[in-house]
Amino acid sequence: MSNNIIEVRELKKYYPVQGGVFKRHIADVKAVDGVNLAIKKGECLGLVGESGCGKTTLGKTILRLNQATEGRIYFNEPEEKVEEVEKLLSSESREERSRGQKLRQKIDITKFYGRKLLPLRQKIQIVFQDPSNSLNPRMLVKGIIAEPLIAQKLMNAREIEKRVIELLYTVGMAKEHMMRYPHEFSGGQRQRIAIARALATYPEFVLMDEPTSALDVSVQAQILNLLQKLQADFKLTYLFVTHHLLVVKHISNRIAVMYLGKIMETGTTDDIFEDTHHPYTRALLSAIPIPDPETKMEKIILTGDVPNPVNPPKGCRFNPRCKYAKTVCREAEPELEKAAGNHFVACHRWKEL
Amino acid sequence: MNETVVNEREEKEKIAVHPRLQEFLFSTRRFLKNPLTIIGLVIIILFALIAVFAPLIAPPHGSDPYRIPHTGWKMTPSPPSDIHPLGTLEQQYDIFYGVVWGTRLAFRIGVTVVFANLLIGIILGALAGYYGGIADEIIMRITDMFYAIPFLVAAMALVVAIGRGLKAVIIVLIILGWPTYTRVIRGEILVLREKDYILAARAGGASSLRIIFKHILPNSIYSVLIIASMNIGTVVLTAAALSFLGLGSETGYADWGQMVAMSRNWIVGPADNRLAFWYVVIIPGFVIAMFVLGWNLLGDAARDVFDPKMRRR
Amino acid sequence: MQKLIEARDVYTNFFTFEGVVKALNGVSIIVNQGETYGLVGESGCGKSVTVRSIMRIVQSPGRIVGGKILLFLSREDKGQGIDILKRSEAYMESIRGNDISMIFQEASTSLNPVLSIGYQVAESFLLHRLDEMLKETIDTLKAEIESGKLFITGWWKKFQGLLFKAELKGLERYTDMVAGIDRRLYELEDSTDKISIDERNHLNRKRDRLKKTVFVVQCVRHLPFIKHYGKKLHKTIRIHVIDLLKELGVPNPQNVPDMYPHELSGGMQQRIVIAIALACHPKLLIADEPTSNLDVTIQAQIIDLIKNLKSTSIASVLFITHDLGLVAEMCDRVTVMYAGDACETAAVKDLFKEPLHPYTKGLLRSVPKLKAQKELESIPGTVPNLIHPPSGCRFHPRCPHAKDICSEDKPPLTEHSEGHFIACYLYT
């Protein structure tokens, strides 16, 4: 087994824009546009970016809630096998490519459908942003938490009840809460219920889609602590999607910064915060409001808005807002380059800056 | 963690009632707080009682209880008397008997038609809304076609094509009624489909059928039920209109529309007493109006209670 | 420092189906001239209700049931302030937008989607700075007439000028009348005998009537043919609108007035909302979570903008947020609210350096910081239901230092050290 639980290769997710009387396909919203990402077993990878940068789409595509337009996602596959398929797919000869395609059908989860997806649904789970939206208002807490167990027919009724009670205690709630409706709970408690549901099938990988942004500060701290505890207790791997940089700093080991459907910089949390290379990451970091009036950071204020993902700018996607942009940035798209160890940057000029 | 400790006190105050029952009681309490609801409820219950106890209130004579007995062939209606508590129509059909058994018929028409409509509407709406794509396109274009034809004209043409009679009226109303429900259900599902709890269910491995029946329909059914309850009145009204036009039941049948049709010639009395035959029009007409009003009031009240925006939190 | 607005023991309740939500439990805040005042707390703590009470725009079923809101505009208040809760709605309308402007969290819903940006900003000028605009238009007309030669257009321009002058005169007369009524009302404010109460009611009614008359007169401007004379005025206003947009850093301000809200991004929309709020030079800008729906980089732009404006065009800002980071960056003084109570009021530096109230302490500790930390501390429990709020201090069920008295009486807001107010029995 490799130490990568998830490997994302050249993933693309386009949403078609239709127009006219006959709903012709006019253009694509390039929500995720060629992302390479590896998530190591047991880590918490923070995926940071502004709204509309495609971070949630990326997460949902990994979960197979969206159908990927292009690209491969491998879940829990040995490294050699992945490399072999990748090599075959990118090879020159047609024969090898078709052999690669055949092999890929077996291990690429974007090619799994129907029954084949069920084992995956057990191992990969999700916690959504707004718990008032992610819990069915007409179901009891018991039914909500048991839903994945019932849907996948994993246990009988008695075992399910036992499991639900156990889960409620794991997330810091009580047995009595089982027979209530979601609207009787506060935001924090609802998020606990959502977390319990995600843990029901003993998953290995949980996608955290902004799990604390709809919560208040004091409750956010409770939930973050709970998530850390659960990660340690059940050896979970998290992909923590958020726009809140201080939260990501608190909870993640590694961070990936996304902008307009592309990864701009990845590295360990310390790399990103202490040794920032990409000008976008720098601007993002300096924009965080720091809850301490004594420390004054110098602000880098970006001009303009995030461009429309239907027509991303040519060259480096960040160039219209980047004050260091040069001709090369407007023409060629930078690849992720290794800066040090595990630190990768997609910028033409990171060495000079 | 500590949260549970704080909430413990609240917990003990709660009486041990099953939460579903509690929810129902809460809704009922809100439902009954509106005076209009009470009026609607009383009207409908009264009608229901009349329908249920029809054989006791007005004992039938012949083999077909829906045939109004008539004593003689005299053309002029006769006013209320001991034998005919509400008077008679032309050819001496008893109005009281007609009203009582007409109630039964009204319920039969209304409930059959609306139930069939709901069934078709929910199935097609769920197909169109959840799966989208070509299924959606085809179903929605068909409903558009139904909307393009004037309702009453289409109903009349179809009834004539099938052959006059009550059965034909019911079939036609079923055929023409479902597009409304399909549209509403589809719209609701389109909204719900993007909700996070549907995604969560999919992430949990739930099949499409399970998602539709367990997650989508319980959350979308209420708006359709409200429309359905209002439509029972409308359907009866339309059936009455068709009967009035001479397309429904035959003469002498205990159908409110038919009774109004038979009183057509007696709306205005002779020159010396214009209101001589008031009872022939007013009584069946009033009954129809009350029936429709009752269902409408109930539907309105149900909307106030079940509309998620009006609910607590 | 001179006070600008003071809320004294304000109680606001919402009479809902489930029961009476006691949203504000005697909140007192004082915003001084020239400062940025922060109101911070978790959702449902009543910070928005506080400012809505101050503006008297609490939506039904909410009602202000007690307290005083004093406005110090140095016009006719003799230093004691005007209690705006006692004034008529027409008076409030003249305050809102003129002296106090407000911007909301959702810029997209504060803008009318079917009207152009230019129209919406211009409306603010028309409502609040009509006299200046009229004067300016008359001046430009005069200049044009003097330099112009064509006979017919000159004549038409003279006619326009006459109409504008008439309008200006009417407006001035109206302003005088209103000012007279307001002066008289202020004199009557404290008297309680029947005659003056009658007079007060009469004056309030008169003021409302005047407002209606003006509305009818203004409708004339929209009549066909007659409305064409107004074009000149709109041209003048448009110049001001473009200037204002330029000042706020809106890219290509010449074209933006012709756009519609949906054509702009969230950050731009918020700028337009700010432009509308600033069109009338308010003395106080109330910003109700203006950046909560924006991205960090756009938030930084807007915050920077408000800070700049603070130093140039607006006197004071009342800034509502749940983000302690923004408070630290923006504000001079801050009040921390919890479940309808104002817990602690202090200068920002003092508050972050030495928080006193147990809730403030907990709140500050539960925020993730830039420095690495092992585990976040959190406040146990959840925010109470305000239909049945806890007795006494509303924080006592979650407070680690709660004493017997805390559940019995509401602690008063007392001054602990200079400028540092706190409502907690630990410090009395």
Percent of alpha-carbon pairs separated by more than 43 Å within chain C: 21 percent
Integer Hz, Karplus 6.51/-1.76/1.60 couplings in order for region B:89-101, x for Gly and Pro: 8, 5, 6, 6, 6, 6, 5, 4, 4, x, 5, 5, 6
In sequence order, calculated HN-Hα J values of region C:324-341 (Karplus, 6.51, -1.76, 1.60; Hz; x Gly/Pro): 5, x, 5, 4, 4, 7, 9, 9, 8, 10, 8, 10, 9, 10, 9, 6, x, 10
Cα long-axis angle, helix C:194-220 against chain C (0 to 90 degrees, to the nearest 10): 50 degrees
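Rounded to the nearest 0.05, what FRET efficiency is calculated for residue A:298 and residue C:371 with R0 set to 22 Å and r the Cβ-Cβ distance? Don't skip to the answer; put the middle values down first.
Working: r = 18 Å, r/R0 = 0.82.
Efficiency at R0 = 22 Å is approximately 0.75.
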DSSP bridge orientation in the protein assembly as shown - percent antiparallel, rounded to nearest 5: 65 percent
q = 0.10, 0.12, 0.15 Å⁻¹, chain A: log10 I(q)/I(0) [Debye, one scatterer per Cα]: -0.68, -0.96, -1.37
Table column - 3J(HN,Hα) (Hz), region C:105-120, Karplus curve with 6.51, -1.76, 1.60, x for Gly and Pro: 5, 8, 5, 5, 8, 7, 9, 7, x, 9, 10, 6, 4, x, 4, 5
GluC sites (Glu not before Pro) lying in DSSP loop within region A:246-322, provided at most 12 other Cβ fall within 10 Å: A:294, A:298
Taking only Cα atoms of the protein assembly as shown, radius of gyration then Dmax in Å: 35.6, 111
Cα Rg, Dmax (largest Cα-Cα span) when computed across region C:1-117, Å: 15.3, 44
In nm, spacing of pseudo-spin labels at residue B:293 and residue B:152 (7 Å Cα→C-beta vector): 2.2 nm
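Work out the mean other chain Cβ neighbour count within 10 Å for the residues of C:297-310 and drop it here as an integer. Show your work: numbers first, answer last.
Working: counts 14, 8, 4, 10, 7, 0, 4, 3, 1, 0, 0, 0, 0, 0.
Partner Cβ neighbours, averaged per residue: 4.
Counting other Cβ atoms within 10 Å, keep those with at most 14, restrict to DSSP loop, and tell me which chymotrypsin sites (Phe, Trp or Tyr not before Pro) in region C:202-302 are left. Could the numbers behind the result be given before it?
Working: sites: C:215, C:225, C:229; in loops: C:225.
Sparse-neighbourhood loop chymotrypsin sites (Phe, Trp or Tyr not before Pro): C:225.
Going down the list A:314/C:307; A:299/B:195; C:353/C:403; A:249/A:338, which pairs span over 29 Å between their C-alpha atoms? Could the numbers behind the result be given before it?
Numbers: A:314/C:307 34 Å; A:299/B:195 38 Å; C:353/C:403 25 Å; A:249/A:338 22 Å.
Distance filter (> 29 Å) returns A:314/C:307; A:299/B:195.
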Amide H partners (placed H, <5 Å) of residue C:286, local residues excluded: C:101, C:102, C:103, C:318
Label zone at residue B:25, where the point sits 7 Å out along the Cα-to-Cβ direction: region A:116-151 residues whose backbone N lies under 19 Å: A:140-141
Amide H contacts of residue C:424 (H built 1.01 Å from N, under 5 Å, at least 5 apart or other chain): C:414
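Would you mind getting me the FRET efficiency between residue C:191 and residue C:407? Use the beta-carbon distance for r and R0 = 51 Å, nearest 0.05.
On the way: r = 42 Å, r/R0 = 0.83.
Computed FRET efficiency for residue C:191 and residue C:407: 0.75.
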When each of C:212/C:235; A:12/C:246; A:60/A:102; C:212/C:310; A:102/B:214; A:55/A:153 is checked by Cα-Cα distance, pairs over 30 Å: A:12/C:246; C:212/C:310; A:102/B:214; A:55/A:153
CD proxy at 222 nm, helix term only [per DSSP H run n ≥ 4: -39500 (n - 2.57); per residue of chain B; nearest 500]: -22500 deg cm²/dmol
Helix C:231-247 vs. chain C, principal-axis angle (Cα, 0 to 90°, nearest 10): 40 degrees
Residue B:278/residue B:83 FRET efficiency (R0 22 Å; Cβ-Cβ; nearest 0.05): 0.70
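At most 13 other Cβ atoms within 10 Å and a DSSP loop assignment: could you name the chymotrypsin sites (Phe, Trp or Tyr not before Pro) in region B:32-132 that fit? List each step's numbers first, then the result.
Values: sites: B:47, B:53, B:66, B:73, B:93, B:96, B:97, B:101, B:107, B:115, B:130, B:131; in loops: B:53, B:66, B:73.
Counting only loop positions with at most 13 other Cβ atoms within 10 Å, the chymotrypsin sites (Phe, Trp or Tyr not before Pro) in region B:32-132 are B:53, B:73.
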Nearest 10 degrees, 0 to 90: helix C:296-312 Cα axis against chain C principal axis: 70 degrees
Charge sum, other residues only, whose C-beta stays under 14 Å from residue A:268's C-beta, Lys/Arg counted +1 and Asp/Glu -1: -2
Å² per residue, accessible surface of region B:135-204 at 1.4 Å: 48 Å²
Label-point separation, residue C:218 to residue A:179 (7 Å along Cα→Cβ), nm: 6.0 nm
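The values are calculated or read from the model by the stated rules, or taken from the named source; none is laboratory data. All figures in this text were calculated on a predicted structure; none of them were measured in a lab. FYI the Cβ positions are ideal-geometry reconstructions off the backbone, even for glycines, and counts take in every protein chain you see. Note: accessible area is taken over every heavy atom of the protein model, side chains too, but ligands, DNA and RNA are not part of it. Shrake-Rupley method; radii C 1.70, N 1.55, O 1.52, S 1.80 Å.
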